[in-house]
Amino acid sequence: TSMSRGLGDVYKRQDQEYFGDGLADTLSQVLGQIHGLRVAARTSAFAFKGTDKSLGEIAAELSVNYVLEGTIQAAGSQLRVGTTLVEAASGKSLVSRTFDGSKEGVFNFQDEITREVVAALKIELLQSEESRLDQRYRPNLEAYDQFVLGRHEMGKGTVAGLQAAVGHFERAIELDENYPLPYVALADTHRSLEVYAFGFQDSYSALPTQMTQNLQRPLLEKALELDSGSGEAYAGLASIELDQGEAEEGFIRAIKLNPNNTNAYYWFSKFLTLNQGRFDEALEQIEKAVELDPLSDIIQYEHAKALWATGRIELAMSTLLDNVKRNPDFPYNYKLMTRWKLQTGNVGDAMRW
């Protein structure tokens, strides 16, 4: 079963939009850890926020069967949240819930939605999933606010947004040091800052620079100390692990814990390509990431590279061209096509790219 979620932004205060995004993001993370559910990643699902496309069109673009949509109105600390799970093919509503209350009650509401979605889709929770849902950490509300603000800034994909995200995640940790998610998010933000500020480390190694690793490692280890079932933390540690055997085991464990973690497939694919030369396996992993996040510039960029590495030259170029059409402002597409045009002897085309 596959699904996506979008969250409309009907707000009395425009600056409260981040909270709606955070609610959708958190629901996605919780649902993504349940076996049998393929949940579209944030980048692709959020691309439709505020769109006038029909649910059927959205579902088709994301290759999902169900869409969890919603609206949120905020007035001070009081919320009204409405959610509906819709079967894309028929347009039939399978779950419809409304929450009226303070922000403090939103965590219980998230759990209720999760259980109702699972029941509507006739998925039987494993015992480990039941336990994880029951024991899910409820953070200090101010810390949660800072976390979702950080995710909102991180989602902008700019250096300024990432720098702002660092401050929010650090503040979340200050407010609630036992909240595991900000540690993982802060580690990911440090990596993303390196990518956006200095370019991809893709020539000889999939590893970030030593400086960034030194920032990431203690954060990821602390997240695992707080939540031993964090697939996101295992994936992050695997992506900076020097021992290649341990790195591969880490990626496999991360994917088992959370099969909807796009970064795990993306980093695993880079590891298999750059460190192992296992190009066909790398293509398999990045194509799993594409299934989850088909509208992500960076995922499609890596997909094109994996196709090229396995000798699928024409498909690699057409994939990159599609990526250019989707977002002509993503510069690495031009860098990669320039390289390919040079390699195929098309110097004039290379200069234009």
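The values are calculated or read from the model by the stated rules, or taken from the named source; none is laboratory data. All values derive from a computational prediction rather than experimental measurement. Here the Cβ is made from the backbone with ideal geometry for all residues, glycine too, and neighbour counts use every protein chain on show. Only protein heavy atoms, including side chains, enter the accessible area calculation; ligands, DNA and RNA are left aside. Shrake-Rupley method; radii C 1.70, N 1.55, O 1.52, S 1.80 Å.
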Residues that are hydrophobic (A, V, I, L, M, F, W, C) and within 19 Å of the chain's Cα centre (by Cα), drawn from region 243-264: PHE251, ILE252, ALA254, ILE255, LEU257, ALA264
- prompt: If you go through region 55-97, how many residues are among the hydrophobic types (A, V, I, L, M, F, W, C) and within 15 Å of GLU116 (Cα to Cα)?
  reply: 6
statement: Per the list (1) under 20 Å from the mean Cα position of the chain (by Cα); (2) within 15 Å of LEU23 (Cα to Cα); (3) not in a helix (DSSP H, G or I), residue check on HIS152 breaks on (3)
query: Identify, please: which residue in region 325-353 is small (Gly, Ala, Ser) and touching a helix residue (DSSP H, G or I) at 6+ places or on another chain (Cβ under 9 Å) and is, among those, farthest from THR158 (Cα to Cα)?
result: GLY348
message: Suppose we keep only residues that are assigned to a loop (DSSP other than H, G, I, E, B) and either aromatic (Phe, Trp, Tyr) or open to solvent by less than 40 Å² (accessible area, probe 1.4 Å) (or both) within region 155-180. Which one would you say is modelled with the lowest pLDDT?
response: GLY157
task: Please find, within region 192-226, the residue that is nearest to GLY161 (Cα to Cα) out of those that are open to solvent by less than 50 Å² (accessible area, probe 1.4 Å) and at pLDDT 95 or above.
output: GLN216
- request: Quick one: count up the residues across region 112-127 that are in a helix (DSSP H, G or I) and buried (at least 16 other Cβ atoms within 10 Å of the Cβ).
  value: 5
- request: Restrict the check to region 289-297 and report whether at least one residue is of a type outside the set (A, V, I, L, M, F, W, C), out of contact with any Ser or Thr (no Cβ under 9 Å at 6 or more places or on another chain) and closer than 30 Å to ARG253 by Cβ.
  value: no
message: Residues that are modelled with pLDDT of 95 or more and over 30 Å from SER228 (Cβ atoms), at least 1 per element: which helices (runs of 4 or more DSSP H) completely within region 257-353 meet that?
response: 279-292, 297-309, 313-326, 332-343, 347-352
- request: Take region 222-242 and flag every residue that is part of a helix (DSSP H, G or I), more than 20 Å from the chain's Cα centre (by Cα) and of a type in the set (D, E, K, R).
  value: LYS222, GLU225
